[in-house]
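The values are calculated or read from the model by the stated rules, or taken from the named source; none is laboratory data. Being a predicted model, the structure only gives us computed values, none of them experimental. Don't worry about glycine lacking a Cβ; one is built from the backbone with ideal geometry, like all the others, and counts go over all protein chains shown. These accessible areas exclude ligands, DNA and RNA; they are computed on the full protein's heavy atoms, side chains included. Shrake-Rupley method; radii C 1.70, N 1.55, O 1.52, S 1.80 Å.
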Amino acid sequence: MNDQDIINSKSRPEWEELIHKWVHNEVDRKMLERRLLDGIHFEPLAEEFELSVNHCQTRIKKAKAQLFKNI
């Protein structure tokens, strides 16, 4: 099962609740929601949050790992 299948297995409100429950950094929560739930690519996210693409990818990867290990 890939990430998109996992995301599609729950409703948006369920994911928002889980993200808010398990991702404790406000910026990481917002980035993860934008990436997973809105489908925004890394380049626009990096611009939106004024980060490098690599830094954005790293933060999202860590936040996603935190989330997925608790669901």
> In this structure, is Ile7 more than 10 Å from the chain's Cα centre (by Cα), open to solvent by less than 90 Å² (accessible area, probe 1.4 Å) and of a type in the set (A, V, I, L, M)?
Replying inline: yes
>> Report every pair of residues separated by at least 6 positions or lying on different chains whose Cβ atoms are under 8 Å apart, first residue within the stretch 45-69 and more than 17 Å from Glu33 (Cβ to Cβ), second open to solvent by less than 60 Å² (accessible area, probe 1.4 Å) and aliphatic (A, V, I, L, M).
In response: Ser52/Ala46; Val53/Ala46; His55/Ala46
> Counting only residues that are more than 10 Å from the chain's Cα centre (by Cα) and not charged (D, E, K, R), which one in the stretch 16-26 is nearest to Asn2 (Cα to Cα)?
Replying inline: Leu18
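Here is a yes/no grid of residues against (1) at pLDDT 95 or above; (2) in contact with a helix residue (DSSP H, G or I) (Cβ under 8 Å, 6 or more places away or on another chain); (3) of a type in the set (Asp, Glu); (4) surrounded by fewer than 16 Cβ atoms within 10 Å (Cβ to Cβ):
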| position | (1), (2), (3), (4) |
| --- | --- |
| Asp3 | no, yes, yes, yes |
| Glu17 | yes, no, yes, yes |
| Lys21 | yes, no, no, yes |
| Glu26 | yes, no, yes, yes |
| Arg34 | yes, yes, no, no |
| Cys56 | yes, yes, no, no |
| Ala63 | yes, yes, no, no |
| Ile71 | no, yes, no, yes |
> When residues of the stretch 36-54 are filtered for being surrounded by 12 or more Cβ atoms within 10 Å (Cβ to Cβ) and within 12 Å of the chain's Cα centre (by Cα), how many remain?
Replying inline: 5
